[in-house]
Amino acid sequence: MSDHILLPEGSIEKQTTTLNLGPTHPATHGVFQNILELDGERIMKATSTVGYIHRAFEKIAERRPLYQITPLTDRLNYCSSPINNMGWHLTCEKLLNVSTPKRVDYLRVIIMELARISDHLICNSIVGVDSGAYSGFLYVMQFRELIYEIYEEVCGSRLTTNIGRIGGFERNFTNAAFEKLEKFLDEKTGYPAQLREFENLFTRNRIFMDRTIGCGPITAERAMNYGFTGPNLRAAGVDYDVRVHSPYSSYQDFDFTVPVGTTGDCYDRFLVRNQEMWQSLSILKQAYKKVQEFKGAEADIYHADVPAYYLPEKKDVYTKMEALIYHFKIVMGETEMPVGEVYNSVEGANGELGYYLISDGGRTPYRLHFRRPCFIYYQAYPELIKDGMLSDAVITMSSLNLIAGELDA
Amino acid sequence: MLSNEIIQQKLTDKFGDVLTDWHVPYGMLTFTAPNELNLKVLQFLFDDADLKFNFLTDLQAVHYPDNKGAELAVVYHLHNWVDNIRIRFKVFADINQPDVFSATALYQSANFMERETYDFFGVNFVGHPNLIRILNVDEMDYFPLRKEFPLEDQTRIDKDDEMFGRG
């Protein structure tokens, strides 16, 4: 803040205060520690400490067959775990050279875009909460609940979903799932109406704008150098989106735009996320329409034909010899993987989520590394909040969409 | 349009035969560079007017205990956003003296990634401004992702009767 009065160099009154923001502070929405050096309320220096909830996923994954690693990926970015799950399945499919039917791709797109919306709505409404506007958070929360109900219809769980299998889904989408999706997409009573109301509350709100414009900005060059990806990078003006650059799961069949900002501050990040939710809604509608076009036997396809990796249906296990053998082999983790190394990435809710998998032909990965977007862009945080107010640091943290689970692996 | 062949040609023209082990697993050009040349390769890929690899996607290490004298591999994933092409290259280091030059001067994003790699594998990034543990506790005196710390094998092949309650 330029109008802040600076004490002259060497003044005896000049002294800074050290403040621990975190590890468990209600305003940080997670376990983050920042040791701030404050001059009055102005941040001179910040030192971040991470790793409070490190759970050694990469080590654990070295002793697990592929399908048992999916639950580990849930716990990275737990606000949008289906994207992590799908990213992991896509990585395995790339390694195993499995191609999925179109219907599976479209169903995956539906789940991933729902997850993106559920992540962005939390992030944006939390920015509202941290700037003193609580009601928006409650407005959108009921639709996160509806998204979780859709997950529940598809896979049975809500937060840590473990959704899908290598090759497709564990079961076909039920009618109830599609009905809930229709309810979600309804223009008058569904999420579009709610999102419009949410935007009415915030986007041109003078107080919110004053609070967020110019808060925690970053230039495009710095953002690239810091390894930003996802909405935070796009808010700085770089239109990099994995869904467009290297389409996976048939994203090339959909018509959508990549919203970009200019200044990379909290307000731009907020706007980019809101626009992305509109784009996700549009993708959802297109995907739902495409899924409905499958008729007859085609409408029953929900997985690829990969018996060695796709767990067979239980009724087949009881009646068919082959299914029983594969069931046993998969559950006991006795299927060997091809030798190779593969890097695959998906557009996670907060950036490029990458999986680097090295297989030596054994039953478990030789090495698995998660490229976690949070972890990489969090190192810019001290630079973003420097010379700002303490309360701006809180807002910057929530608008970066930091998820402790992803940060610490 | 930039292709893997052009990249390989340009790198070979610049560095000669020291870059080895060229292969293209799953479409991504992969090669090995000598340990001491990692920064030169990164800088060349960054600066060259055609290559424009100016985004460091990922940096991490792999431990190959049987590869005597070059046990630790540091793997760089780079991305050219203009032509949308990715490459990967590795440098190997001796586990008894795992010195690799730090890329932090070129990429700010390498800071945490190198700290993480140091934390789990003990790779000593020469020139890193703050090479301390990041995810593990500071008091830890070993590098947990190295292969000499095995976990219980859940996909065991030695299924004797004892494990099924009959022993």
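Some notes on this structure:
- Those strands (runs of 3 or more DSSP E) of the stretch B:26-86 in which 1 or more residues are over 18 Å from A:Leu357 (Cβ atoms) and in contact with a Lys or Arg (Cβ under 7 Å, 6 or more places away or on another chain) occupy B:29-33, B:72-80.
Listed here are the residues, each with its yes/no results for (1) under 17 Å from A:Leu284 (Cβ atoms); (2) in a helix (DSSP H, G or I); (3) modelled with pLDDT of 90 or more; (4) not aliphatic (A, V, I, L, M).
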{"position": "A:Asn232", "(1), (2), (3), (4)": "no, yes, yes, yes"}
{"position": "A:Tyr240", "(1), (2), (3), (4)": "no, no, yes, yes"}
{"position": "A:Arg243", "(1), (2), (3), (4)": "yes, yes, yes, yes"}
{"position": "A:Asp255", "(1), (2), (3), (4)": "yes, no, yes, yes"}
{"position": "A:Val258", "(1), (2), (3), (4)": "yes, no, yes, no"}
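- Of the numbered criteria (1) of a type outside the set (Asp, Glu); (2) farther than 19 Å from A:Phe370 by Cα; (3) away from chain A (no Cβ under 14 Å), the one B:Gly122 fails is (2).
- Close pairs from the stretch B:13-26: first surrounded by 10 or more Cβ atoms within 10 Å (Cβ to Cβ), partner among the charged types (D, E, K, R), Cβ under 7 Å, at least 6 apart: B:Pro25/A:Glu341; B:Tyr26/A:Lys94
- Of all residues in the stretch A:113-122, at least one satisfies being in contact (Cβ under 8 Å) with a residue 12 or more places away in the chain and either in contact with a Phe, Trp or Tyr (Cβ under 6 Å, 6 or more places away or on another chain) or surrounded by fewer than 24 Cβ atoms within 10 Å (Cβ to Cβ) (or both).
- Given (1) modelled with pLDDT of 90 or more; (2) within 26 Å of A:Pro373 (Cβ to Cβ), number of the condition B:Leu51 does not satisfy: (1)
- Residue list for the stretch B:67-93, filter: within 11 Å of another protein chain (Cβ to nearest Cβ), free of Cβ contacts under 8 Å to residues at least 60 places away in the same chain and of a type in the set (S, T, N, Q): B:Asn84
- Qualifying residue in the stretch A:48-67 (condition: assigned to a helix (DSSP H, G or I), within 14 Å of chain B (Cβ to nearest Cβ) and closer than 17 Å to A:Cys374 by Cα): yes
- Test for A:Ile150: is it at pLDDT 90 or above and either within 14 Å of another protein chain (Cβ to nearest Cβ) or in contact with a Ser or Thr (Cβ under 9 Å, 6 or more places away or on another chain) (or both): no
- Selection from the stretch B:119-139 of residues that are crowded, with 19+ Cβ neighbours inside 10 Å and either among the charged types (D, E, K, R) or closer than 14 Å to B:Val100 by Cα (or both): B:Asp119, B:Phe121, B:Val123, B:Phe125, B:His128, B:Leu131
- Among (1) in contact with a helix residue (DSSP H, G or I) (Cβ under 7 Å, 6 or more places away or on another chain); (2) at pLDDT below 90; (3) among the aliphatic types (A, V, I, L, M), the one test that A:Met277 misses: (2)
- Helices (runs of 4 or more DSSP H) fully within the stretch A:298-409 that include at least 1 residues being more than 14 Å from chain B (Cβ to nearest Cβ) and over 14 Å from the mean Cα position of the chain (by Cα): A:314-319, A:321-331, A:381-385, A:390-399.
- Residue check for A:Asp241: among the charged types (D, E, K, R), buried (at least 19 other Cβ atoms within 10 Å of the Cβ) and either touching a residue at least 24 places away in the same chain (Cβ under 8 Å) or touching a Cys at 6+ places or on another chain (Cβ under 6 Å) (or both): yes
- Residues that are of a type in the set (Asp, Glu), more than 14 Å from chain A (Cβ to nearest Cβ) and free of Cβ contacts under 8 Å to residues at least 60 places away in the same chain within the stretch B:94-119 comprise just one, B:Asp94.
- Considering the stretch B:142-167, the residues that are more than 8 Å from chain A (Cβ to nearest Cβ), assigned to a loop (DSSP other than H, G, I, E, B) and over 22 Å from the mean Cα position of the chain (by Cα) include one that is modelled with the lowest pLDDT, namely B:Gly167.
- Each residue in the stretch B:120-137 was checked for being without any contact (Cβ under 8 Å) to a residue 40 or more places away in the chain and closer than 16 Å to A:Arg55 by Cα, and 5 of them qualify.
- Any hit, the stretch B:58-66, residues being exposed (fewer than 15 other Cβ atoms within 10 Å of the Cβ), away from chain A (no Cβ under 14 Å) and more than 27 Å from A:Cys374 (Cβ to Cβ): no
- Among the residues listed as A:Leu114, A:Leu90, the single one being closer than 24 Å to A:Lys289 by Cα, part of a helix (DSSP H, G or I), modelled with pLDDT of 90 or more and in contact with a strand residue (DSSP E or B) (Cβ under 8 Å, 6 or more places away or on another chain): A:Leu90
- The requirement of being farther than 17 Å from A:Cys374 by Cβ and within 13 Å of chain B (Cβ to nearest Cβ) is satisfied by A:Asp239.
- Check on A:Tyr326, of a type in the set (Ser, Thr, Tyr), crowded, with 20+ Cβ neighbours inside 10 Å and without any contact (Cβ under 8 Å) to a residue 40 or more places away in the chain: yes
The values are calculated or read from the model by the stated rules, or taken from the named source; none is laboratory data. This structure is a prediction, so every number in the text was calculated from the model and none was measured. Here Cβ is always computed from backbone atoms with ideal geometry, including for glycine, and neighbour counts include all displayed protein chains.
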